[in-house]
Amino acid sequence: MPRRPVERGGAAALVFALLVLATVAAFAYALHVKRDPLVLDRVTFLAVPNPNPPKQGKPRKPVRSFTPNDDCRFDRVRIRFRTTRSDDGTVQIVRPGGRVVYTLARDEFLKRYRFHTYFWDGRQRGGGTARPGRYKLRVKLLGQDRTLVAPGAIRLHRAKPGVGSACGESGS
């Protein structure tokens, strides 16, 4: 009786076992990452209101977009966030594509579980006002070698130029 040739299925079984092992390891790593606390949380972008708010009437709703036109109404945006780990970081405003528009802080110590507040007046690196559109907050943590982009967007709107600088005057 002729002998059957020996099947070479051992290599295929080994590859299959390695793929199963890699899948289980990737699943375990994904669960670990999901359980890690956020490093950057409680991010808010709020336009800074007029320094002379109206005396009568009900309080206004918060304004999420700003118009840097020197009319003293929502000319700046307040950027506030909390870090859950201490580290030195660089805080930047970037276009959605990742191009840096303005650096708010460079190599600044960001203490954990503290709120960090910055103000952006719509200026860009080379001078002048940035174009209207959506911008993102990016925080580079130097010690951890991580770059974090905050959820949400900063909205810069176009508005008619203000008439002079009447910020110090009361009235209107």
*Within the group Phe119, Phe109, which residue is free of Cβ contacts under 8 Å to residues at least 60 places away in the same chain and not small (Gly, Ala, Ser)?*
Phe109
*Sort out for me the strands (runs of 3 or more DSSP E) sitting completely within the stretch 37-125 that have 3 or more residues that are more than 20 Å from Ala159 (Cα to Cα), touching a strand residue (DSSP E or B) at 6+ places or on another chain (Cβ under 6 Å) and at pLDDT below 95.*
40-47
*So which residues in the stretch 93-149 are of a type in the set (Lys, Arg), surrounded by 14 or more Cβ atoms within 10 Å (Cβ to Cβ) and within 16 Å of Thr44 (Cα to Cα)?*
Lys136, Arg138
*Scanning for something touching a His at 6+ places or on another chain (Cβ under 8 Å) and closer than 26 Å to Pro49 by Cβ, does the stretch 142-154 turn up at least one residue?*
no
_Just to verify a result, which residue in the stretch 130-156, among those that are part of a strand (DSSP E or B) and in contact (Cβ under 8 Å) with a residue 60 or more places away in the chain, is farthest from Asp70 (Cα to Cα)?_
Arg146
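The values are calculated or read from the model by the stated rules, or taken from the named source; none is laboratory data. Note that the structure is predicted; figures quoted are calculated from it, not measured. Cβ sites come from the backbone with ideal geometry, for glycine too, and all protein chains shown count toward neighbours.
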